[in-house]
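The values are calculated or read from the model by the stated rules, or taken from the named source; none is laboratory data. Note that the structure is a prediction, hence the values are computed from the model and not measured. Quick reminder, even Gly has a Cβ in these numbers, built from the backbone with ideal geometry, and neighbours come from all protein chains shown. The accessibility values were calculated without ligands, DNA or RNA, using every heavy atom of the protein model including side chains. Shrake-Rupley method; radii C 1.70, N 1.55, O 1.52, S 1.80 Å.
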Amino acid sequence: MATVQLRAELFREISPMLDSEVMLRKTIDFIRSLYAAEQTQAKQQTLDKIDHSFGQLQQMQDGKLKGVKAEDLLNEL
């Protein structure tokens, strides 16, 4: 479904709640919690990638994983 269609559907669903302050507050709080959860998940994914990279670096230092020279990578291009 296109973004425009989803936006229209969202407004249709919210429209009946526009007259209720309680419903609007609950909706705003819910949307904020969704956004916060997404931000937390994105941060955690970034931290997981960094942790994985440091784990690979440690394995390379321990001789358990062989690295690739930057020159070899450039030559592949």
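Brief remarks on what is shown
- Residues that are open to solvent by 80 Å² or more (accessible area, probe 1.4 Å) and among the aliphatic types (A, V, I, L, M), drawn from the range 30-49: ILE31, LEU34, LEU47
- Among the criteria (1) part of a helix (DSSP H, G or I); (2) at pLDDT below 90; (3) surrounded by 10 or more Cβ atoms within 10 Å (Cβ to Cβ), the one THR27 does not fulfil is (2).
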